[in-house]
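Structure first, commentary second.
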């Protein structure tokens, strides 16, 4: 197999991973829209959630433009995105393996400086940051189930829950009461609502990471090869 065929095969595998990862992010968008309400914050949150999963394939797409150092960052971002969903994890794991293999089997090896390597890790970790920001705002909802089967919403403050930005995961508390025929049979509190400020913040993180990679990640171009190509001595830039 010629060097040119090796390059074509490597790029083909990267593209396969890109298609699978974008399909995964689209599936996450559809699933979340189906499972959440129609409030503007929730809809925007679904878009932000899918966008965080699209960081990986977007970085992988940019890597094809002579930025091979972005491919490991894309694999990290994709794997992190898969950790948020049992459905997405197998796809994300396979995609990450494809990109790691494609990066390690490149015909032309690229040395990455330590500072740039850590920059790639930071870009990959933005997938986790985007998801964290999306669910960092606590918006509790409490309901009670009455003896006649009716479900009514009650003030979360009565159960010790308050809204606000904080560190921590969603809180779910369920209790059961035998207070009598007129009292609640059970009560439940959860914090799983996405509001538009946190959805917008998550979108800024995701799009900012992609924009930074496109704008500031350097293209691997050897000026000596470019000068020689201008004289007709180098027919192909293999970087």
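Conditions tested, residue by residue: (1) surrounded by fewer than 21 Cβ atoms within 10 Å (Cβ to Cβ); (2) closer than 18 Å to residue 125 by Cα; (3) touching a helix residue (DSSP H, G or I) at 6+ places or on another chain (Cβ under 8 Å); (4) not assigned by TED's automatic domain parsing to the domain that holds residue 213.
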| site | (1), (2), (3), (4) |
| --- | --- |
| 12 | yes, no, no, no |
| 20 | yes, no, yes, no |
| 32 | yes, no, yes, no |
| 35 | yes, no, no, no |
| 43 | yes, no, yes, no |
| 55 | no, yes, yes, no |
| 60 | no, yes, yes, no |
| 64 | yes, no, yes, no |
*Looking at this structure, is residue 77 out of contact with any helix residue (DSSP H, G or I) (no Cβ under 6 Å at 6 or more places or on another chain) and either surrounded by fewer than 16 Cβ atoms within 10 Å (Cβ to Cβ) or under 24 Å from residue 204 (Cβ atoms) (or both)?*
no
_Condition check: at pLDDT 90 or above and within 14 Å of the chain's Cα centre (by Cα). Does residue 88 satisfy that?_
no
*asked:* Given the criteria crowded, with 21+ Cβ neighbours inside 10 Å, in a helix (DSSP H, G or I) and assigned by TED's automatic domain parsing to the domain that holds residue 218, does residue 125 qualify?
replied: no
*Could you tell me whether residue 135 is modelled with pLDDT under 70 and surrounded by 15 or more Cβ atoms within 10 Å (Cβ to Cβ)?*
no
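Residue-wise test of (1) modelled with pLDDT under 75; (2) assigned by TED's automatic domain parsing to the domain that holds residue 42; (3) under 21 Å from the mean Cα position of the chain (by Cα).
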| residue | (1), (2), (3) |
| --- | --- |
| 108 | yes, yes, no |
| 114 | no, yes, no |
| 163 | yes, no, no |
| 176 | yes, no, no |
| 202 | no, yes, yes |
*Go through the residues of the stretch 225-235 one by one and say whether even a single one is surrounded by 15 or more Cβ atoms within 10 Å (Cβ to Cβ), modelled with pLDDT of 75 or more and touching a helix residue (DSSP H, G or I) at 6+ places or on another chain (Cβ under 6 Å).*
no
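The values are calculated or read from the model by the stated rules, or taken from the named source; none is laboratory data. Just so it is clear, the model here is predicted, and its values are computed rather than measured. Quick reminder, even Gly has a Cβ in these numbers, built from the backbone with ideal geometry, and neighbours come from all protein chains shown.
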